[in-house]
Amino acid sequence: MNDTLVTVVGNVATNVEYRDTAAGGMARFRFAVQSRRWDRTSGNWTDGPTNFYTVFAWRSLAANLAGSVSVGEPLVVHGRLKVREEDSDGRRRTYVDIDALAAGHDLTRGTAAFRRALRGESQVSTRQHGPDGAEQGDPGGAPKQTAAAM
């Protein structure tokens, strides 16, 4: 197999759209990745252009992403790079997608609490946030496990 595997670090740009399909769950979202470079002349970091990718995930990864990720959150996404071209209104457009194999929050920019998904139960949920932006309650409905319970 000659797939091009990439690992990108960026921010979720759109809500995660989740759908059940005959092959299992499918999720997709737009992902913004901005490059940063060290400018030797000014002695500062400078922001480069932002690249946008459409990330696709399947089965349990799709369900877990839909229940765990919100717009603006920093992620690390690893997967297969796919470039496709389409003709639309006489114009040729190029799209760059990533078929995700793994994804997770970027812990260099914050903390996260991992909760193991229970088999056979749907992990898809809507995250609820209070007025201060903090997550409210347990969106997945699964009991939180402590290190002793694992």
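The values are calculated or read from the model by the stated rules, or taken from the named source; none is laboratory data. Just so we're clear, the structure is a prediction, and the values are computed from it rather than from any experiment. All Cβ positions, even for glycine, are placed from backbone atoms using ideal geometry, and neighbour counts span all protein chains on display. Please note that ligands, DNA and RNA were not included when accessible areas were found on the heavy atoms of the full protein model with its side chains. Shrake-Rupley method; radii C 1.70, N 1.55, O 1.52, S 1.80 Å.
Residues in region 6-27 that are surrounded by fewer than 17 Cβ atoms within 10 Å (Cβ to Cβ) and over 14 Å from residue 53 (Cβ atoms): 15, 17, 19, 20, 21, 22, 23, 24. Here residue 61 passes the criteria (1) part of a strand (DSSP E or B); (2) open to solvent by less than 80 Å² (accessible area, probe 1.4 Å); (3) of a type outside the set (Val, Ile, Thr) except the one numbered (1). Taken over region 67-100, the residue count meeting the criterion of being in contact with a Leu (Cβ under 8 Å, 6 or more places away or on another chain) and over 18 Å from residue 35 (Cα atoms) is 4.
From the list 109, 127, 84, the lone residue that is at pLDDT below 90 and at negative phi is 127. Number of residues in region 65-89 that are among the polar types (S, T, N, Q) and over 10 Å from the mean Cα position of the chain (by Cα) equals 1. Filtered by the rule that a residue be open to solvent by less than 60 Å² (accessible area, probe 1.4 Å) and either in contact with a Ser or Thr (Cβ under 7 Å, 6 or more places away or on another chain) or within 17 Å of residue 106 (Cα to Cα) (or both), region 28-52 gives 29, 31, 32, 33, 35, 39, 48. The set of residues in region 89-114 that are assigned to a loop (DSSP other than H, G, I, E, B) and more than 21 Å from residue 72 (Cβ to Cβ) comprises 89, 90. Among the residues making up region 81-110, those that are farther than 21 Å from residue 11 by Cβ and either of a type outside the set (D, E, K, R) or surrounded by 14 or more Cβ atoms within 10 Å (Cβ to Cβ) (or both) are 83, 88, 90, 94.
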